[in-house]
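Peer 1: Could you have a look at this structure, given as structure tokens, before my questions?
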Amino acid sequence: MARMPWIFSPERVDTPDATSLRRDYFGDVAGRYFRRPLAEDEYDEEMLSEGLDRLAPPSGEFLVGRHDGKAAACGGVILLDAERAELTRVFVRHAFRGLGGADLLMTGLEDAARALGARRTVLNTRLDLVEARALYARHGYREIPAYCTGPYMEIWYGKEL
């Protein structure tokens, strides 16, 4: 029987693989924002732990994707209200991009949102994260008015599930 290269499953945000993926996510998005790699002392606990309590049932879910057994991707869903769930920390490590994991991750996150009772998903991102924006558009996300504010939020998307 052929091995399935990608497996996505819910995981606690504090496992070693989930923590490492979240750290790489922040390193990637912050590094792109500052146009340089983050120094070790630039990672702070507040950045890495913000909102983590909401990424677990009953208010959310965190998925870890493994490619041939290696932690390669992650993403979270947070229930905002009875109708909407927010996608967050959507990330595929660079070495695993182009292998179909991002599409499977989006499907898994939308399924998790439905399981939480959401009828719509929303997310925010930055304009310079063009690969992420292309992924969201490919999955039917359309630009919506801002539903939240923050220093690194430049564009908001939504999709009916």
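The values are calculated or read from the model by the stated rules, or taken from the named source; none is laboratory data. Just so it is clear, the structure is predicted and the values come from calculations on it, not from any experiment. Every residue, glycine as well, gets a Cβ built from its backbone with ideal geometry; the counts of neighbours run over all protein chains shown. Surface areas here come from the heavy atoms of the whole protein model, side chains and all, with no ligands, DNA or RNA. Shrake-Rupley method; radii C 1.70, N 1.55, O 1.52, S 1.80 Å.
Peer 1: Could you state how much accessible area Leu38 has, in square angstrom rounded to the nearest 10, with a 1.4 Å probe and all protein chains kept in place?
Peer 2: 30
Peer 1: Are there trypsin sites (Lys or Arg not before Pro) in region 100-161 that DSSP puts in a loop and that have at most 16 other Cβ atoms within 10 Å, and which ones? List each step's numbers first, then the result.
Peer 2: On the way: sites: Arg114, Arg119, Arg120, Arg126, Arg133, Arg138, Arg142, Lys159; in loops: Arg119, Arg126.
In loop regions of region 100-161 (DSSP not H, G, I, E or B), the sparsely surrounded trypsin sites (Lys or Arg not before Pro) are Arg119, Arg126.
Peer 1: Next question, about the same structure. Tell me the Kirkwood radius of region 92-161: reciprocal of the mean inverse pair distance over distinct alpha-carbon atoms, in Å. Each step should come with its number before you reach the end.
Peer 2: Numbers: mean 1/r = 0.0772 Å⁻¹.
By the Kirkwood definition, the hydrodynamic radius is 13.0 Å.
Peer 1: Still on this structure, I have one more. Can you work out D for the chain in µm² s⁻¹ from Stokes-Einstein, where Rh is the Kirkwood radius over C-alpha pairs, the temperature is 37 °C and the viscosity is 0.692 mPa s? Intermediate results must be reported in sequence, preceding the final value.
Peer 2: Details: Rh = 16.0 Å.
Estimated diffusion coefficient is 205 µm²/s.
Peer 1: Give, to the nearest whole percent, the P(r) tail of region 52-100 beyond 16 angstrom, counting all Cα pairs. Before the final figure, lay out each step's value.
Peer 2: Working: 513 of 1176 pairs.
Tail fraction, whole percent: 44.
Peer 1: Per DSSP helix of 4 or more residues, -39500 (n - 2.57); summed, then divided by the residues of the chain. What does that give at 222 nm, rounded to the nearest 500? Write down the numbers at each step before the final one.
Peer 2: Working: 4 runs with 48 residues, N = 161.
After summing the helix terms and dividing by residue count, I get -9500 deg cm²/dmol.
Peer 1: Going through the DSSP H helices of the chain, which span 20 Å or more along their own axis at the Cα atoms while scoring at least -0.5 as a mean Kyte-Doolittle hydropathy? The partial results should precede the final answer.
Peer 2: Details: long enough: 16-34 (26 Å, -0.70); 101-115 (21 Å, 0.27).
Membrane-span-like by this criterion, though nothing is claimed about a membrane: 101-115.
Peer 1: Which listed residue (Pro37, Phe26, Gly158) has the Cα farthest towards the positive end of the charge dipole for the chain, taking +1 on Lys and Arg C-beta and -1 on Asp and Glu C-beta about the Cα centre?
Peer 2: It is Gly158.
Peer 1: Would you check the accessible area of Glu61, probe 1.4 Å, heavy atoms only, in square angstrom rounded to 10?
Peer 2: Counting only protein heavy atoms, the figure is 50 Å².
Peer 1: Rounded to the nearest 20 Debye, what is the dipole magnitude of region 47-161 about its Cα centre when Lys and Arg each give +1 and Asp and Glu each give -1 at the C-beta? Provide the component values of the computation, followed by the final result.
Peer 2: Working: 15 positive and 15 negative charges, 47 e Å.
With Lys and Arg at +1 and Asp and Glu at -1, about 220 debye.
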